[in-house]
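Peer 1: Sharing a structure here in structure tokens format.
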């Protein structure tokens, strides 16, 4: 029998060692006081118990004993009457064909082992909605089901001040609890159908969904007449005079929002004409045909494709400028002159400025040079404003967004020229970037 050469066995043995070691390291890194891939590098604030209850909620020690649902209601009628009143007005208190759903059904009956209800708890009764929600994970980022993971596993999460991290999780916690959309303890579907349920989070510079929706024909009709609509009706054709967020993105009440977007919410460049996107285009045309002609719906999708193509031409132009500066060693400070992310060994050994979406621009909130930050704001603010305007029918926002993108590109080109004129000989920026009251406080308190 011919012997296998030794050099063949070496990579096999190394792989057999590296694969289980990798799994062990991931498990170890998730075992710290925080959560996510970098749980050992940060500590949670107390409010995290409500943003991520599965990881951080601890039952109060004020009262011991186990109680039945009726006893919970009797006590909390005096302690938290607003909560009890909401529960009494909910379907949980008077469901059809079954016993009431009491506090203990969702929170547990042992007062010293109480828990906040997670999607898994809600899924015990609402199995269809929970399965739809969890199935969203197969579609990748961005999605509600992966929103918390997206925050906790991002490199900049460890490096950000805790106040900002708490602000992030307030919305990203939609993955960890159903009351982001269905306010507790009433959990009224009519509330979740209104656009305000979504706009609680979908607002601000990265995603001006509120501004663009309210400026559209759909939004203006809602503002004028929405208070008179019957929000108890299902999200199906003929029940509403104009669509709102849930009507389009959670068609017929389906608990999934990531299954139909063609352009991945505008944050990455995609081919809108793939076979998968052809299916999505048909779904959008079918939905829009509830009120509009199919040809009109197809024309709107084509206009959105054209807007994205124009926007990405400008974004790629800016990326090219930054990559040229990186190749010339002219970013200031460069990657080796600013602190690496505290969780990145690779950044310490091989510092490199990451430019563009695929190289990590989506994570470049901190530790970047001014011109890189300018690109980030171009990509994350002005680009997304233009996209949301095009997607929601706000032509004025599209015009403003593209004017801002053009201005951003010109400013980045001008700054690149200035950096070239200054040349590679500069003052050492490291003392300013590696020390200081803000930096030291953040390192000690994260």
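The values are calculated or read from the model by the stated rules, or taken from the named source; none is laboratory data. Remember, it's a predicted structure, so these values are computed and weren't measured experimentally. Counting neighbours? That spans all protein chains shown, and the Cβs are built from the backbone with ideal geometry, glycine included.
Peer 1: Would you check if residue 215 is without any contact (Cβ under 8 Å) to a residue 24 or more places away in the chain and over 20 Å from residue 253 (Cα atoms)?
Peer 2: No; evaluated as a whole, the condition is false for this residue.
Peer 1: Still on this structure, please answer the following. Testing residue 93 on (1) touching a helix residue (DSSP H, G or I) at 6+ places or on another chain (Cβ under 7 Å); (2) in a loop (DSSP other than H, G, I, E, B); (3) within 19 Å of residue 253 (Cα to Cα), one condition comes back false. Which one is that?
Peer 2: For residue 93, the exception is condition (3).
Peer 1: Could you tell me whether residue 311 is farther than 12 Å from residue 412 by Cβ and surrounded by fewer than 19 Cβ atoms within 10 Å (Cβ to Cβ)? Please lay out each step first, then the result.
Peer 2: Details: farther than 12 Å from residue 412 by Cβ: yes; surrounded by fewer than 19 Cβ atoms within 10 Å (Cβ to Cβ): no.
Taking the combined requirement at face value, the residue does not satisfy it.
Peer 1: Can you tell me which residue within region 231-269, out of those that are under 15 Å from the mean Cα position of the chain (by Cα) and closer than 17 Å to residue 182 by Cβ, is surrounded by the fewest Cβ atoms within 10 Å (Cβ to Cβ)?
Peer 2: Applying the filter and picking the extreme gives 256.
Peer 1: To continue, here is another question. Kindly indicate whether any position in region 264-274 is within 23 Å of residue 127 (Cα to Cα) and either in contact with a strand residue (DSSP E or B) (Cβ under 7 Å, 6 or more places away or on another chain) or modelled with pLDDT under 95 (or both).
Peer 2: No - not one qualifying residue is present in region 264-274.
Peer 1: Only residues in region 146-171 that are in a loop (DSSP other than H, G, I, E, B) count as the first member; pair them with residues that are buried (at least 18 other Cβ atoms within 10 Å of the Cβ) and at pLDDT 80 or above, Cβ under 8 angstrom, at least 6 apart or cross-chain, and list the lot.
Peer 2: As it stands, the answer is 146/136; 146/175; 153/36; 153/37; 153/38; 160/168, since those pairs meet every condition given.
Peer 1: Taking the condition in contact with a strand residue (DSSP E or B) (Cβ under 9 Å, 6 or more places away or on another chain) and on the phi > 0 side of the Ramachandran plot, does residue 65 pass?
Peer 2: Details: in contact with a strand residue (DSSP E or B) (Cβ under 9 Å, 6 or more places away or on another chain): yes; on the phi > 0 side of the Ramachandran plot: yes.
Yes; evaluated as a whole, the condition is true for this residue.
Let's see how each residue does on (1) in contact with a strand residue (DSSP E or B) (Cβ under 9 Å, 6 or more places away or on another chain); (2) buried (at least 20 other Cβ atoms within 10 Å of the Cβ); (3) farther than 26 Å from residue 29 by Cα; (4) modelled with pLDDT of 85 or more:
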residue: 114; (1), (2), (3), (4): no, no, yes, yes
residue: 118; (1), (2), (3), (4): no, no, no, yes
residue: 121; (1), (2), (3), (4): no, yes, yes, yes
residue: 128; (1), (2), (3), (4): no, no, yes, yes
residue: 131; (1), (2), (3), (4): no, no, yes, yes
residue: 134; (1), (2), (3), (4): no, no, no, yes
residue: 139; (1), (2), (3), (4): no, no, no, yes
residue: 142; (1), (2), (3), (4): no, no, no, yes
residue: 162; (1), (2), (3), (4): no, no, no, no
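Peer 1: Among the candidates 365, 357, 376, single out the residue that is modelled with pLDDT of 90 or more and under 30 Å from residue 215 (Cβ atoms).
Peer 2: 376
Peer 1: Being buried (at least 21 other Cβ atoms within 10 Å of the Cβ) and not in a helix (DSSP H, G or I) is the filter; apply it to region 369-404 and report the residue that is farthest from the chain's Cα centre (by Cα).
Peer 2: 369
Peer 1: Restricting attention to region 314-339, which residues are touching a residue at least 40 places away in the same chain (Cβ under 8 Å) and more than 21 Å from residue 414 (Cβ to Cβ)?
Peer 2: 337, 338, 339
Peer 1: Still on this structure: I need a count of the residues in region 340-357 that are under 17 Å from residue 153 (Cβ atoms) and without any contact (Cβ under 8 Å) to a residue 40 or more places away in the chain.
Peer 2: 4
Peer 1: Which of (1) surrounded by fewer than 19 Cβ atoms within 10 Å (Cβ to Cβ); (2) touching a helix residue (DSSP H, G or I) at 6+ places or on another chain (Cβ under 8 Å); (3) more than 30 Å from residue 261 (Cβ to Cβ) is the odd one out, the single condition residue 102 does not satisfy?
Peer 2: It is condition (1) that residue 102 fails.
Peer 1: Quick one: would you say residue 273 is more than 27 Å from the chain's Cα centre (by Cα), at negative phi and assigned to a loop (DSSP other than H, G, I, E, B)? Give the derivation first.
Peer 2: Details: more than 27 Å from the chain's Cα centre (by Cα): no; at negative phi: yes; assigned to a loop (DSSP other than H, G, I, E, B): yes.
No; evaluated as a whole, the condition is false for this residue.
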